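The values are calculated or read from the model by the stated rules, or taken from the named source; none is laboratory data. These numbers come from a predicted model, not from an experiment. Neighbour counts run over all protein chains shown; Cβ positions are idealised from the backbone, glycine included. Surface accessibility is based on the protein's heavy atoms, side chains included, excluding ligands, DNA and RNA. Shrake-Rupley method; radii C 1.70, N 1.55, O 1.52, S 1.80 Å.
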Amino acid sequence: MNSLWLETVKKARDFSSLSYDIETDICIIGAGIFGLTCAYYLSRLGFKVVVLEKDGIGEKSTGHTTAKITSQHGLFYDYLIQAYGKKTASYYLEANEKAIENIKQIIDKEKIKCDFEYQNSYVYTTKKSEVRAIKKEVSAVESLGYPCEYVTKTGLPFDIEGAICFKNQAQLNPIKYLYGLCDSIINYGGHIYTHSVATNVEKNNDDMYVTYTDTNTVKSKYVIIATHYPFINFPGLYFTKMYQSTSYLIAVDTKKTLFNGMYINFTNPIFSYRTAKYEGKELLIVGGGDHKTGQPSCYQDTYGILEKEVKKYYPDSEVLFRWNTRDCMSLDKIPYIGTYSNLMPNVYVGTGFKKWGMTSSNVAANIIVDKICGNKNKYEHIFRSSRIKPIKNRDEMKNMIVQSTNSLFFEKLKRANMDFDKIENNSGSIIEVNSQKVGIYKDSEGKIYAVKPICTHLGCLLSWNDVDKTWDCPCHGSRFDYKGKNLYDPAFKDLDIYEV
Ligand SMILES: Cc1cc2nc3c(=O)[nH]c(=O)nc-3n(C[C@H](O)[C@H](O)[C@H](O)COP(=O)(O)OP(=O)(O)OC[C@H]3O[C@@H](n4cnc5c(N)ncnc54)[C@H](O)[C@@H]3O)c2cc1C
């Protein structure tokens, strides 16, 4: 079923598909909120921009989101401070607060009618045992100098034990916002092509990139991968760094006057609430029923649980819309924003928004625009897409790694008939992905190192030495460590590595 947002616009905004070869400054792949925000800023700056979209505008995650525009990303800042320190937490908060301002500025400047309204945002609990966690988050946020509030009363139709409130957050209709962005992009001279799938991006001899669709090409100096889940496996290996999680939403006519504010709790079952306008009525939107994408689930545990919850407080309510979507969850809970891989300069990515992509996509767009313009961005280092951070929050990371490996990583490789899952921790092997040989080593924690297992001496296929944890050449005896560093001659160059 379509989301409320896609229904409210009645007629989908469409463009022609790419039917000729084109040269431009920047090729943006994906017309969700991230791709279109990049396209908006860059075309406004006078760059020549081409957007390629596989389907229609905003029809994927952005068109099926809850569309709360907030820097309150669940109970997050205590975690960030514990894991990465106050400075990182404070920058993260500041960047996302700035994103709310930026979105409002765009809406005002471009006169986009998208039902934007300021609302307070709350993370609440109905359980006494969870009040401590809320209070901890309040202290964490206050320690960053941000004025949050601890409250015990809200507009919700049930009693709570406690909540943390961020004031002056917002909500909007994401599809109306995206359509407004499209109008502005076109006005600033940008080009948008829908139903145009990018199949590959390759570097040309003249330091330009060529993005291929099934029929045509876009040649550009810069490429932005805004496809939600990056579609280029190597380099980048984003599929080892994220898993996807699905959530469900219903829009309900409660037949009652509704409350102000946007709400979410933080332990299962998760319920997220906001209101929205639809044909002169105010509807209640309730979200939840989360599970790992691809994992079996049933109606009862998804829409069913939401409907049951609403009926408790609004027995005469009627469900008008049901929809669901998924988002990429990064392993350390921080989005990946920046250069796609060191092996692909001038190709950029924004992903892993972990269900808070409304503001994160704006943060991402600003970082990438600054990179393209050669400006320094204050927040860039926090989100660096090629980061390898030491594990600070072991339980969390372990949990995330298990989740990611159990879902997407294994599944993707399995689908390609790989034996990745047979590689045990502290061991290595050669697998094949898209007909390419990849040497994988998993350390004792399951962290993955991937190399091109071809000897840099004369191109022999290397074999795994499980005693020394090295890649050895059966032809001429060269050896390399599991990170690809050359150890023994005759080779003298390190192995190519796949970034993870
Ligand atoms: C249930 C749910 C509720 C959420 N609620 C909120 C919320 O309240 N607030 C918040 O901040 N965030 C929320 N999020 C997160 C937010 O919706 C996402 O992070 C955000 O929409 C992602 O935007 P995007 O542009 O990266 O991806 P998308 O919107 O998915 O856009 C990517 C586009 O790329 C296109 N594409 C993919 N591959 C190709 C290709 N090869 N060639 C061409 N085009 C391609 C796709 O068709 C798609 O249109 C929620 C997420 C979920 C799952």
Task: Whole-number accessible area per residue in Å² for the chain, which is evaluated in the context of all protein chains at 1.4 Å - done: 43
- [ ] List the extent of the Cα atoms of region 419-498 along each of their three principal axes, largest first, rounded to whole Å.
- [x] 32, 27, 19
Task: Quarter of the Cα convex hull surface for the chain, i.e. its orientation-mean projected area (nm²) - done: 24.2
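For an R0 of 35 angstrom, estimate the FRET efficiency from the Cβ-Cβ distance between Tyr150 and Gln436 and round to the nearest 0.05.
0.05
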Open item on the list: With the cut-off at 31 Å, tell me which of the pairs Lys111/Lys312; Lys10/Lys333; Lys255/Lys354; Lys11/Lys255; Lys355/Lys447 have Cα atoms farther apart than that.
Closed with: Lys111/Lys312; Lys10/Lys333; Lys255/Lys354
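Would you kindly state how much longer the chain becomes between Tyr118 and Glu142 on full extension, computed as 0.36 nm times their sequence separation minus their alpha carbon distance, in nm to one decimal? Mind showing how you got there, number by number?
Details: separation 24, 0.36 × 24 = 8.64 nm, distance 2.14 nm.
Result for the pair: 6.5 nm of gain on full extension.
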Open item on the list: Quick check: net charge around Thr152, other residues with Cβ under 12 Å of its Cβ, Lys/Arg +1 and Asp/Glu -1?
Closed with: 0
TODO: Might you report the magnitude of the Cβ-based charge dipole of region 4-383 about its Cα centre, with Lys and Arg at +1 and Asp and Glu at -1, to the nearest 20 debye?
DONE: 660
Open item on the list: Please report the carbon-and-sulfur percent of the accessible area for the chain; probe 1.4 Å, protein heavy atoms only, DNA, RNA and ligands left out.
Closed with: 47
- [ ] Which order do the peptides 166-175, 263-272 take when ranked by the mean count of other beta-carbon atoms within 10 Å per residue, highest first?
- [x] 166-175, 263-272
Task: Euclidean distance of C-alpha centroids, region 268-301 and region 118-138, integer Å - done: 20
TODO: Take every Cα-Cα distance within region 217-280, group them into 10 Å bins from 0 onward, and report for each bin the whole-number percent of pairs it holds.
DONE: 13, 29, 22, 21, 14, 2
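If I stretch the segment between Glu7 and Asp468 completely, what's the gain in nm (0.36 nm per residue apart, minus their alpha carbon distance), one decimal?
Stretched out fully, the Glu7 to Asp468 stretch lengthens by 160.0 nm.
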TODO: Within 10 Å, count the other beta carbons around each residue, average over each peptide in 246-259, 310-323, 361-374, 89-102, and list them highest first.
DONE: 361-374, 89-102, 246-259, 310-323
Open item on the list: Taking R0 as 45 Å, what FRET efficiency do you get between Ile270 and Lys376 from their Cβ-Cβ distance, rounded to the nearest 0.05?
Closed with: 0.75
Task: Distance between region 20-98 and region 151-228 - C-alpha centres, whole angstrom - done: 6
Open item on the list: Run the numbers for Ser427 and Asp316: contour at 0.36 nm per residue of separation, minus the present Cα-Cα distance, in nm.
Closed with: 34.1 nm
- [ ] First select every other residue whose beta carbon is under 12 angstrom from the beta carbon of Asp115; then total the charges, Lys and Arg +1, Asp and Glu -1.
- [x] +2
- [ ] Lys and Arg at +1, Asp and Glu at -1: add these up for the other residues within a Cβ distance under 11 Å of Leu495 and post the number.
- [x] +2
